[in-house]
Amino acid sequence: MIGKCAITLAIAALAVAMLSTTALAERGRDGQLKILYWQAVSTVNPYLSGGTKDIEAASLVLEPLARYDETGTMTPALAADIPTVENGGVAADLMSITWPLRQDIVWSDGTPFTAADVVFSAEYCLNEEMGCNPLSSFTDVTKVEALDDHTVRINFGVAKPFPYGPFVGSTSPILQKAQFETCTGAKAQTCTEQNFRPIGTGPFKVDEFRANDVIIFSANENYREPDKPAFATVTFKGGGDATSAARAVLSTGEFDYAWNLQIEPEVLEQMVANGKGQVVAGFGTMVERLVVNQTNNSPDLSKDKRSLHLDGTNPHPFLSDPAVSRALSLAIDRQILVDFGYGAAGQATCNVLPAPPVYASNANDACMTQNIEEANRILDEAGWLPGDDGVRERDGVRLSILYQTSTNSVRQGTQALIKQMWGQIGVETELRNIDAAVFFGGDPASPDTYMKFYADIQMYTNNFDGVDPEAYMANWRCSEIPGPENQWLGGNIARACNAEYDALAAEMAVTASLDERAAIGKRMNDIIVQNQYVIPLIWRARVSAHANTLKGVRVNPWDSELWNIADWHR
Amino acid sequence: MTHYIIRRLLFAVPTLIAISFILFALLDLAPNDPTGQLPLTIPAEAREQIRESLGLGEAFHIRYAKWMEQFFVNEPLNLIERAFGVEIGASEERLRVRSWATRSPVVDLIIERLPQTLWVVGLSYLIGILIAIPIGIVSAYRQYSWFDQLGTFVSMIGFSVPTFFTGLLAIIVFSVTLQWLPSIYDTTHRVTDLSSFWVQIKQMAMPVMVLALFNAAQISRFMRAAVLDNLTQDYVRTARAKGLRERIVLFIHVLRNSLIPVVTLIALGIPTVFGGAIITEKIFRVNGIGELLITAIQGADIPLVQTLSFLFAVLIVIFNLIADVLYGILDPRIRYG
C-alpha cells in the first residue's frame, strides 16, 4: 500500500515537474521586465535619432539584417546568412553585396517580411529631405534592389572592401514598407504615430509610448521563436541621472536593468555591496583622448587664421614640436585617471584604435607608465628650459596650455589631475569647460565648439559604430581638416596632415583581406599616436547594471546593449 | 470692474507679443545646436541634413512668422478640434509646432505631461497651503512661544535646504533603508481600485511632501507676518473692546484681513504649479512639465523651449490679473479706475 502510494506520488511529482518544464518554455512566462535609461527615449524610429537611448529602445522592435554579438562577430538576424566573397554573396569586384533573407519572418501585424521592405528602408534613408541619422551607414550606396521576394542586392558606386554598412547593427534596421510608405522625405518628421509605434519583427512591440518618459512593450506574438521572449512586458522608463538609476537597480531593486552608469567608481562599489545586482562592462572602441592642436590658435590671430591649417603655414608655436607633445603624454599617469574617474569602466590605453583585437597595436605601450624624469629630459634636450616662475620656455615662447573639454564632473576631475601632472614637468595649464550642447553643437558661428578648437588641447571621447574602422580612421586625412571652406565639418580635429597617413587611408579603402586591413589600421593608429596628434588616455567601456535575478544579459559594446533581449529571463 | 478686466486683457496682447519675440530671439541667439547631443559617430554631412530637415536653414523672420502662425492659429484650432470632435478646414495639412527631439507636436507632449505635474506639484501646493495657513496663524497669535519657534525653525529649513537635498534624503531613508516607498514615479499607473489608489498615494508621497515642505515654508512666513500686522491694528482693539470672543476676533476679523496679501501670493504662485518643479520631478522621475522643459533645454529642442516658456509667460500674465481682481473682491475698499 505504502509502495503504491509512493509510486503515485512519484508519478504526480514527475507530472508536475514536466508541467513546469513545459511552462518554462512558454513565451511571456517571466512577467514584467523593468529597464531604466536615465536619458529618456524621444522616438522609436532610429532613422530620426542618432541618440543611443533611442536606437537601443528601438532594437526591441526593429531588427537589422545582421547584428554584432558581444565579441563583435556578425550574426544573421533577418538575413538567412552572412554574404562573403567566399560564398559568393559579395561580388568579386566588391561593388555589390547580395543578402538572402529569412523566409519565415512575419511582422508583428502578421504580414510577411519581404525584400520590398528592405528596398524601402534604403530609399527612406537616402531621401535627402528626411535628415537620416544613420546616413553614414549608406555611404556609396547607389541602388538597393530586390532580386526576388527574399533576396536583396545592395550596389555600391565604388569597390567596398567592407560592404556591411547598410542594415547591419541596430542603427539601421528594417522598417515596414506598408507602415512607412506615406512617411518619406520631409513627411518623415510629421508621422508621429509611425515614429512612436513602428511595426517590427523583433521580440517586442510598442504598446504605449510617452515621449521622453516611458515605453511599455509587450511580447510580439508573431516572433519567430515560439518560446521567446521570456518576458510578457517591458517597462522602459527614462529620466533622472546615472547615479539614481544605479541606485534603483543595485540598492532598492525597483528595476532590473540600468544603462550607461558613468559614475564615480567608489559610489558604484558601495551600491554593489548591497548584493541586489551586478555591474557589467563591455569594451568597444570608445577612447577618451586629448586632441593636440597642430595649428596656432592664439586669440591675437584674426578669424581667418586662428586654428586654421592653411596648408601647414600656421603651425602651433610649441605643440608642433614633437618633443613637447611626447613629454606631455609621458607625464600622464593614466592609471590614476582610471582609478579616479572610471574604475571598472575604463582601462589605460595608448591607442586611438584599441579594438577590435586584430586592430589593436602594441607598439605604443611605453606610454602606459608615467615617466616624469624622461619627460623632463626630453624637454631639456629640446631646449625648453624652466624660466623664473618654473614654466619652461624657449625663444620667448612659454609652455602654457589652454586645455578645454565639455562640462562633466569626471572630465573636470581628470583635467585637474592632468594639470597637476603637467605642472611637474614645468608646463602651465589653464583649464576651461564648455556646456556639452555648445561644445559638441555644430554652430559654425560659435567660437566654443570642438570643431573650431580655439584651444591648445581638448579632451573628449569618440568611437565608431560596428567593427570596421575604415571610415573612422579616414577622419585624420589632410582633406578632413576643419575650416571655413567646409563649415568646420571635417573630422581631423587635430589639424594634422601626414602624407604617409593619407596613402594608408587610400590603401585601406581598396583592401579586402582582414589581416591586411588590420595591419594598415595598426600602422595608421601608430602614426596618429607616435606623432602625438592625439594623446589617448582611457579605453572606456559601456557600463550597465542588472539585477541578480535577471539572467541572459551579455553586454555588447558593438551593437545595441539589448541585442539579445529575446534570450533574457529570470 | 468688467471695464478694468477688458482693458487689462487688451494691454496683455502687446506685452505677450513682445515676450514671444524676445524669447524667440534669445533662444535663436543662444549658442546651441540640436545635433550637439548626437554621438560623434554621426558625420558632419548627416548632421547638416538633419538641421535642414528641422527647418533651421530658413531666415530668422520666416521662422518667427511660422512659429507665430503655428502657435496662435494652428494649435488653438487643433485644440478646438480635439475638444469638440469637429474638423475645421484641412487639419491634416496644418503645420504644427513640433519638438525636434521627438518630432511630435509640442502641444501633445504638454497635454501628456500635465496630469502628473498637476497631481504632484498641484497637490503639494495645496497641502503646502493647508499646512502653512494654520501654522502662520498660531505662530503669530502666540508669537515667540515654543510653537512659533518650532514653526520658524521648520520654515527656515524648508526655505534654505534645497529640494535636491531633501528629495535625496527622503529616497535614502524611505526607499533605500526602509524600502517603504518607490523612488521612481510610474506615470503609466492607473487608479482603478483601492489597492491601485494606495500605490498611487505611495508613489506620490515623497515628491509631494518634499515640495509641500518648501511651499509651506514660504507661505507660512507670509501668513505669520500678515496676522502679526493685523493683530496690532485699531480695529482689533475695538473688536476686543466690544467684548467679542477671541475666536471671533481672530478667525473673522483678523484672518480675513490677513488673507488679502496671502491670497495674492498664492494666486501669483499658481503658474509655477503648471511650470512643474524641475528638480523634484527630475529626482523622482515624475517626468512632468518641469522635466520636459529641462530636457528640452539640454537637448537644444528650441521649439519646445519656446512654446513652454511662452505658455508660462501667458499663465503669469493671466494670474497676475486674477490676483489683482481677487484683491478687489477680498478688500472692497480697493476700486479700479
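The values are calculated or read from the model by the stated rules, or taken from the named source; none is laboratory data. Keep in mind it's a predicted model, so treat the numbers as computed, not measured. Neighbour counts are summed over all protein chains in view; Cβ atoms, including those assigned to glycine, are modelled from backbone coordinates with ideal geometry.
Couple of notes before you dig in:
- The set of residues from segment B:22-53 being of a type in the set (A, V, I, L, M) and facing another protein chain (nearest Cβ under 7 Å) comprises B:LEU38, B:LEU40, B:ILE42, B:ALA44, B:ALA46, B:ILE50.
- Lone qualifier among B:ALA225, B:ALA241, B:ALA217 - being closer than 20 Å to B:GLY128 by Cβ, of a type outside the set (Phe, Trp, Tyr) and surrounded by fewer than 18 Cβ atoms within 10 Å (Cβ to Cβ): B:ALA225
- A:GLU500 being over 19 Å from the mean Cα position of the chain (by Cα) and of a type in the set (D, E, K, R): yes
- Top-ranked residue in segment A:195-212 [being within 11 Å of chain B (Cβ to nearest Cβ) and in contact (Cβ under 8 Å) with a residue 40 or more places away in the chain; ranked as surrounded by the fewest Cβ atoms within 10 Å (Cβ to Cβ)]: A:PHE196
- Candidates in segment A:429-445 are the residues that are of a type outside the set (D, E, K, R) and crowded, with 20+ Cβ neighbours inside 10 Å; of these, the one that is farthest from the chain's Cα centre (by Cα) is A:THR429.
- When residues of segment A:467-503 are limited to those that are of a type in the set (A, V, I, L, M) and touching a Gly at 6+ places or on another chain (Cβ under 9 Å), the one surrounded by the fewest Cβ atoms within 10 Å (Cβ to Cβ): A:LEU489
- Leading residue by the ranking (farthest from B:SER53 (Cα to Cα)) among those in segment A:141-151 that are crowded, with 16+ Cβ neighbours inside 10 Å and either within 13 Å of another protein chain (Cβ to nearest Cβ) or within 27 Å of the chain's Cα centre (by Cα) (or both): A:VAL144
- Some residue of segment B:73-84 being within 25 Å of B:ASP108 (Cβ to Cβ) and either among the basic types (Lys, Arg) or in contact with a strand residue (DSSP E or B) (Cβ under 6 Å, 6 or more places away or on another chain) (or both): yes
- Within segment B:165-221, the set of residues being of a type in the set (Lys, Arg) and within 14 Å of chain A (Cβ to nearest Cβ) comprises B:ARG190, B:LYS202.
- Of residues in segment A:521-570 being out of contact with any His (no Cβ under 6 Å at 6 or more places or on another chain) and among the small types (Gly, Ala, Ser), the one farthest from A:PRO161 (Cα to Cα): A:ALA547
- Residue match in segment B:60-67 (condition: surrounded by 15 or more Cβ atoms within 10 Å (Cβ to Cβ) and within 13 Å of chain A (Cβ to nearest Cβ)): no
- A single member of A:ILE154, A:ILE215 is within 11 Å of another protein chain (Cβ to nearest Cβ), in contact with a strand residue (DSSP E or B) (Cβ under 7 Å, 6 or more places away or on another chain) and at pLDDT 90 or above, and it is A:ILE215.
- Here segment B:300-319 is the region considered, the condition is being out of contact with any helix residue (DSSP H, G or I) (no Cβ under 7 Å at 6 or more places or on another chain) and of a type outside the set (D, E, K, R), and the residue that is farthest from B:ILE111 (Cα to Cα) is B:ILE318.
- Residues that are basic (Lys, Arg) and farther than 22 Å from A:LYS452 by Cα, drawn from segment A:401-428: A:LYS419
- If you go through segment A:223-245 and pick out every residue that is under 12 Å from A:TYR37 (Cβ atoms) and of a type in the set (A, V, I, L, M, F, W, C), you end up with 4.
- Checking each residue in segment A:467-501 for being within 19 Å of A:SER446 (Cα to Cα), more than 8 Å from every other protein chain (Cβ to nearest Cβ) and assigned to a helix (DSSP H, G or I) picks out A:PRO484, A:GLU485.
Conditions (1) over 16 Å from A:LEU48 (Cα atoms); (2) surrounded by 18 or more Cβ atoms within 10 Å (Cβ to Cβ); (3) not aliphatic (A, V, I, L, M), marked per residue:
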{"site": "B:ARG8", "(1), (2), (3)": "yes, no, yes"}
{"site": "B:VAL13", "(1), (2), (3)": "yes, no, no"}
{"site": "B:LEU29", "(1), (2), (3)": "yes, no, no"}
{"site": "B:GLN37", "(1), (2), (3)": "no, yes, yes"}
{"site": "B:GLU45", "(1), (2), (3)": "no, no, yes"}
{"site": "B:GLU75", "(1), (2), (3)": "yes, yes, yes"}
{"site": "B:ARG82", "(1), (2), (3)": "yes, no, yes"}
{"site": "B:GLY89", "(1), (2), (3)": "yes, no, yes"}
{"site": "B:SER99", "(1), (2), (3)": "no, yes, yes"}
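- The number of residues in segment A:273-285 being touching a residue at least 60 places away in the same chain (Cβ under 8 Å) and surrounded by fewer than 22 Cβ atoms within 10 Å (Cβ to Cβ) comes to 7.
- Residue check for B:PRO162: more than 14 Å from chain A (Cβ to nearest Cβ), closer than 30 Å to B:THR232 by Cα, out of contact with any Cys (no Cβ under 7 Å at 6 or more places or on another chain) and surrounded by fewer than 23 Cβ atoms within 10 Å (Cβ to Cβ): no
- Some residue of segment B:148-160 being small (Gly, Ala, Ser), under 20 Å from B:VAL286 (Cβ atoms) and touching a residue at least 12 places away in the same chain (Cβ under 8 Å): yes
- If the condition is being surrounded by 24 or more Cβ atoms within 10 Å (Cβ to Cβ) and among the small types (Gly, Ala, Ser), then segment B:105-150 contributes B:SER124, B:GLY128, B:ALA132, B:GLY136, B:SER139.
- Residues of segment A:366-387 satisfying the condition of being farther than 23 Å from A:ALA416 by Cα and in a strand (DSSP E or B): A:LEU385
- For segment A:518-559, a tally of residues being in contact with a strand residue (DSSP E or B) (Cβ under 8 Å, 6 or more places away or on another chain) and farther than 28 Å from A:ASN362 by Cα returns 9.
- Identity of the residue in segment B:83-97, within 14 Å of chain A (Cβ to nearest Cβ) and at pLDDT 80 or above, that ends up farthest from A:THR190 (Cα to Cα): B:VAL97
- Close pairs (7 angstrom Cβ cut-off, 6 or more residues apart or separate chains): buried (at least 19 other Cβ atoms within 10 Å of the Cβ) in segment A:321-349, among the aromatic types (Phe, Trp, Tyr) anywhere: A:VAL324/A:PHE318; A:VAL324/A:TRP384; A:LEU328/A:TRP422; A:ALA331/A:TRP422; A:GLY346/A:TRP539; A:THR349/A:TRP539
- For segment A:230-249, the condition of being more than 10 Å from every other protein chain (Cβ to nearest Cβ), in a strand (DSSP E or B) and surrounded by fewer than 24 Cβ atoms within 10 Å (Cβ to Cβ) holds for at least one residue.
- Number of positions in segment B:288-304 that are within 14 Å of the chain's Cα centre (by Cα) and either within 7 Å of chain A (Cβ to nearest Cβ) or polar (S, T, N, Q) (or both): 2
- When residues of segment A:178-189 are limited to those that are on the phi < 0 side of the Ramachandran plot and surrounded by fewer than 18 Cβ atoms within 10 Å (Cβ to Cβ), the one nearest to the other protein chains (Cβ to nearest Cβ): A:ALA186
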